[in-house]
Amino acid sequence: KPAIRRTARIGDWVIGTGSKNSKLKDGKKYDLSDSLVYAMRITDKLTLSEYDKFCFEKLTEKIPSWFSKDWRKRMGDCIYDYSKSDEPTLRKGVHNELNVKRDLRGNNALLSTEFYYFGEEPRVIPENLRRIIKKNQGHLRIEDSNILTDFESWISQFNKNKIYAEPQ
């Protein structure tokens, strides 16, 4: 989501919900559009060049290792290499040349030391919080401090920085 990566601020929450036709490992499709797949509070924001340097120095596991037998090591999100010039080269990974223009429009990488990942076991968002859900493409900025407080109260029941389930 390039627009989110360009405009988000430290302290903002970024959430992802399921889709109306989410296929899970049991082979069935489910409507998970009112369910939370992930949430993160942004605790740092780096340019893509800064993120590449940061990963190289401190988070090497975020750099895709395409030939690894472990699929998780192939999924790293530090996919642009700025080590040789200001113009990045695309590392071998799940993104290809068709993604470059869109990816680079985001300008930034968003980092979090407070995240929740539910994957294929998303949590149903309570009725009183459903207005945080964006029902179609794009993103939604919530400025209402009351709903943000209610969301933070609800999400705090879960253990932060935990991967609850595999991706959908």
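For the reader, a short list of remarks on this structure follows.
- Members of region 129-163 found to be open to solvent by 90 Å² or more (accessible area, probe 1.4 Å), polar (S, T, N, Q) and modelled with pLDDT under 95, listed by number: Asn136, Gln137, Asn146
- Single residue of Glu143, Glu152 found to be of a type in the set (Asp, Glu) and outside any helix (DSSP H, G or I): Glu143
- Looking across region 1-18, just one residue is assigned to a loop (DSSP other than H, G, I, E, B), modelled with pLDDT of 90 or more, open to solvent by 50 Å² or more (accessible area, probe 1.4 Å) and not β-branched (Val, Ile, Thr), and that is Arg9.
- Complete set of residues in region 89-102 that are open to solvent by less than 70 Å² (accessible area, probe 1.4 Å), outside any strand (DSSP E or B) and touching a helix residue (DSSP H, G or I) at 6+ places or on another chain (Cβ under 7 Å): Gly93, His95
- Evaluating Leu129 against the criteria (1) under 18 Å from the mean Cα position of the chain (by Cα); (2) more than 30 Å from Ser49 (Cβ to Cβ) leaves one unmet condition, (1).
- Total residues in region 24-71, condition assigned to a loop (DSSP other than H, G, I, E, B), surrounded by 15 or more Cβ atoms within 10 Å (Cβ to Cβ) and of a type in the set (Asp, Glu): 1
- Subset of region 72-88 that is touching a helix residue (DSSP H, G or I) at 6+ places or on another chain (Cβ under 9 Å) and part of a helix (DSSP H, G or I) - its residue that is surrounded by the most Cβ atoms within 10 Å (Cβ to Cβ): Lys73
The values are calculated or read from the model by the stated rules, or taken from the named source; none is laboratory data. This structure is a prediction, so every number in the text was calculated from the model and none was measured. Glycine gets a Cβ as well: all are built from the backbone with ideal geometry, and neighbour counts include every protein chain shown. Heads up: the accessible areas ignore ligands, DNA and RNA and are worked out on the full protein's heavy atoms, side chains in. Shrake-Rupley method; radii C 1.70, N 1.55, O 1.52, S 1.80 Å.
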